[in-house]
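S.K.: What follows is a structure written as structure tokens; I'll ask about it next.
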Amino acid sequence: MASGVARHEPRVILLVDDDPNDVDLTLRAFRTGPLGNHVVVARDGIEALDYLHGTGAHAGRNPAHLPQVVLLDLNLPMIDGLEVLRRIRADERTRRLPVVILTSSGEDSDKLAGYGLGANSYVRKPVDFRQFSEAVNRLGMYWMLVNAPPPA
């Protein structure tokens, strides 16, 4: 494979969320579902970008290996989710990386901004755990088993 060409890590989901309860619920939902995916958690926008670029706390990680999908909250410390998405889409290596906004915000302005910046999907987090678990598992099934990622 040519240097600098991104490829997807097998069955890795990057979850970007700073709320410990939402992270726990999401991880629990994946553990109870049929996929058993490997989920990497970034707790703020900088950590998410560090993971994708192999810098900072993730120095030494091969940045040519991208996750299959990024589940991105909007309300993040350091760099908010919309700015993370903007930077993902501005980088040639990560431009086609599937990004699903997974947030508690139902604001039309957030939906418009997210889709305007190139989000692949916008999912509002359900309040009920059973509904949340079903939504997360459906997301995982689609992005991990059904969707064909762009070729390297």
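The values are calculated or read from the model by the stated rules, or taken from the named source; none is laboratory data. Because the structure is a prediction, the values reported are computed rather than measured. Cβ coordinates were reconstructed from backbone atoms using ideal geometry, including for glycine residues, and neighbour counts include every protein chain displayed. To get the accessible areas, we keep the full protein, side chains included, count just its heavy atoms, and leave off ligands, DNA and RNA. Shrake-Rupley method; radii C 1.70, N 1.55, O 1.52, S 1.80 Å.
S.K.: The range 74-101 to the range 133-150: how many Å between their Cα centroids?
M.R.: What the calculation gives is 19 Å, centre to centre.
S.K.: How much of the DSSP bridge set in the chain is antiparallel, in percent, rounded to the nearest 5?
M.R.: 0 percent
S.K.: How much area per residue is accessible in the chain when the probe is 1.4 Å and only protein heavy atoms are counted (Å²)?
M.R.: So the chain comes to 50 Å² accessible per residue, rounded to a whole number.
S.K.: Another question about this same structure. What full-extension length gain, to one decimal in nm, is calculated for Met141 and Arg11 as 0.36 nm per residue of separation minus the Cα-Cα distance?
M.R.: Details: separation 130, 0.36 × 130 = 46.80 nm, distance 1.07 nm.
So the extension gain works out to 45.7 nm.
S.K.: For the chain, what is the convex hull (Cα atoms) projected area averaged across all directions, in square nanometres? The partial results should precede the final answer.
M.R.: Values: hull surface 34.1 nm².
It is 8.5 nm².
S.K.: Length gain on complete extension for the stretch Phe129 to His53, per 0.36 nm per residue less the alpha carbon to alpha carbon distance?
M.R.: Value of the extension gain: 24.1 nm.
S.K.: Classify the range 68-152: rounded, prolate or oblate, from the alpha-carbon gyration tensor (a ≥ b ≥ c, eigenvalue square roots; a/c under 1.5 rounded; otherwise prolate if a/b is larger than b/c)?
M.R.: Because a/c hits 1.5 or more and a/b fails to exceed b/c, the range 68-152 counts as oblate.
S.K.: Another question about this same structure. Going 7 Å from the Cα of Arg31 toward and past its Cβ, which residues in the range 128-150 have a backbone nitrogen under 15 Å from where you end up?
M.R.: Under 15 Å, as judged by backbone N against the label point of Arg31, lie 133 of the range 128-150.
S.K.: In deg cm²/dmol and to the nearest 500, what is the mean residue ellipticity at 222 nm of the chain if only DSSP H runs of at least 4 residues count, each as -39500 (n - 2.57), divided by the residue total?
M.R.: On the way: 5 runs with 54 residues, N = 152.
Taking each H run of at least 4 residues, the total per residue is -10500 deg cm²/dmol.
S.K.: Would you mind finding the longest exposed-site-free stretch of the chain, with exposed GluC sites (Glu not before Pro) meaning DSSP loop and at most 15 other Cβ atoms within 10 Å?
M.R.: With GluC sites (Glu not before Pro) excluded where exposed in loops, the chain gives 1-91 as its longest stretch.
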